[in-house]
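S.K.: Let me begin by handing over the structure; questions about it come next.
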Amino acid sequence: MTDLADAVARAVLTEAGVEDAASDSAADVASGLDADAHLAVITASAHAEQLAAGMLHRAVIAARGAGVSWARIGERLGMSRQAAQQRFGGQGDVVDSDTERWLGPVTAFDEMAELALAGREGWHTVEAGMLAHRMLRTDTRWEHRRTLWRGPSAREVESGWQIGCRAFPWIYLVRDIGIPVADSAD
């Protein structure tokens with residue numbers, strides 16, 4: 001955990017613009033900061049906290065999608081099953097219209113097949129929630145690809161792939177294949 005803490009501290013200092021490359025520790029850098037630099041570190045730390053909270057939420061969603069019980073998740077987080085489910089369960093705003101909807105429930109095991117079916121009907125993912133994807137609809141067909149946390153490669157970008165959404169530990173890539181939905185044969 002020391003390596004993780006050090007990496008986070010260095011990232012915060014870099015974002016705050018106060019990182020001293022010659023320093024051996026974050027404490028050495030902090031000792032020479034003026035008030036504005038301290039405030040920049042506070043801002044960067046708050047941003048890191050928001051990002052970490054989002055990553056934790058997405059990790060829990062991914063674990064649930066892989067079949068991990070609320071009891072095991074709660075145990076890892078030092079809380080009860082009920083507390084974990086209350087904190088991380090739920091889907092947020094439910095939308096269902098001709099151009100926007102939630103696809104689900106889906107798990108890590110069946111979501112790609114469901115996204116492929118939805119893509120043939122013109123739907124593409126723009127957000128992943130608890131066992132569901134928020135989808136937008138266009139008049140053309142879409143392809144979906146799930147990767148571990150990274151952006152599209154240069155080859156994927158050249159082939160038209162773009163980030164549809166991030167849902168730690170996954171990134172969902174989408175590609176409009178330009179075939180009108182009405183022309184689909186299947």
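S.K.: With r defined as the distance between the Cβ atoms of residue 81 and residue 48 and R0 fixed at 25 Å, what FRET efficiency is calculated, to the nearest 0.05?
M.R.: Numbers: r = 28 Å, r/R0 = 1.14.
Once the sixth-power term is evaluated, E becomes 0.30.
S.K.: Another question, if that's okay. Leaving out ligands, DNA and RNA, and with a 1.4 Å probe, what % of the accessible surface on segment 60-186 is carbon or sulfur? Could you put the intermediate results ahead of the total?
M.R.: On the way: 3500 of 7180 Å².
Answer for segment 60-186: carbon and sulfur cover 49 percent of the accessible area.
S.K.: Taking amide H positions as placed in the peptide plane 1.01 Å from N, state which residues far from residue 167 in sequence (5 or more) or on other chains have amide H under 5 Å from it.
M.R.: 172
S.K.: Using only Cα atoms, tell me the angle between helix 35-65 and the longest principal axis of the chain; keep it within 0 to 90° and round to the nearest 10.
M.R.: 40 degrees
S.K.: A follow-up question, please. Normalising by the residue count of segment 39-160, find the relative contact order in percent from Cα pairs under 8 Å and 6+ residues apart.
M.R.: Details: 128 pairs, mean separation 23.9, N = 122.
Answer for segment 39-160 is 20 percent.
S.K.: On to the next question. Could you state the angle between the C-alpha long axis of helix 111-120 and the longest principal axis of the C-alpha atoms of the chain, as a value from 0 to 90 degrees rounded to the nearest 10?
M.R.: Taking the Cα atoms of the chain, the angle to 111-120 is about 50 degrees.
S.K.: Let me ask you something else. Sequence-distant or interchain residues sharing an amide H contact under 5 Å with residue 102, placed H: which?
M.R.: Amide H to amide H, under 5 Å and 5 or more residues apart or across chains, residue 102 pairs with 95, 135.
S.K.: What angle do you read, to the nearest 10 degrees and between 0 and 90, between the alpha-carbon axis of helix 2-16 and the longest principal axis of the chain?
M.R.: Long axis of 2-16 versus the principal axis of the chain: about 90 degrees.
S.K.: On average, how much accessible surface per residue is there in the chain, in Å², for a 1.4 Å probe, leaving out ligands, DNA and RNA? If you can, show how the numbers build up before the last one.
M.R.: Working: 11170 Å² over 186 residues.
That works out to 60 Å² per residue.
S.K.: So what's segment 105-186 giving for Rg/Rh, alpha carbon basis, Kirkwood Rh from the mean inverse pair distance?
M.R.: Answer for segment 105-186: 0.96.
S.K.: Another question, then. Using the Karplus curve 6.51 cos²θ - 1.76 cosθ + 1.60 with θ = phi - 60°, work out ³J(HN,Hα) for each residue of segment 133-145 in order, rounded to whole Hz, and write x for Gly and Pro.
M.R.: Values, residue by residue: 10, 7, 10, 10, 10, 10, 8, 10, 7, 10, 10, 10, 9 Hz.
S.K.: Out of segment 118-181, which chymotrypsin sites (Phe, Trp or Tyr not before Pro) are coil in DSSP terms and have no more than 12 other C-beta atoms within 10 Å? Spell out each step's value before the answer.
M.R.: Working: sites: 123, 142, 149, 161, 170, 172; in loops: 149, 161.
Hits after loop and neighbour filter: 149.
S.K.: Mind computing the radius of gyration and Dmax over the alpha-carbon atoms of segment 67-146? Å is fine for both.
M.R.: 15.0, 47
S.K.: Sticking with this structure for a sec: Can you list residues from other chains, or at least 5 along the same chain, whose modelled amide H is less than 5 Å from the amide H of residue 122?
M.R.: 142
S.K.: Could you tell me which of 71, 140, 2 has its Cα farthest along the dipole of the chain towards the positive end, charges placed at Cβ (Lys, Arg +1; Asp, Glu -1), taken about the Cα centre?
M.R.: 71
The values are calculated or read from the model by the stated rules, or taken from the named source; none is laboratory data. All figures in this text were calculated on a predicted structure; none of them were measured in a lab. Every residue, glycine as well, gets a Cβ built from its backbone with ideal geometry; the counts of neighbours run over all protein chains shown. Side chains are part of the model used for accessible areas, which takes the heavy atoms of the whole protein and leaves out ligands, DNA and RNA. Shrake-Rupley method; radii C 1.70, N 1.55, O 1.52, S 1.80 Å.
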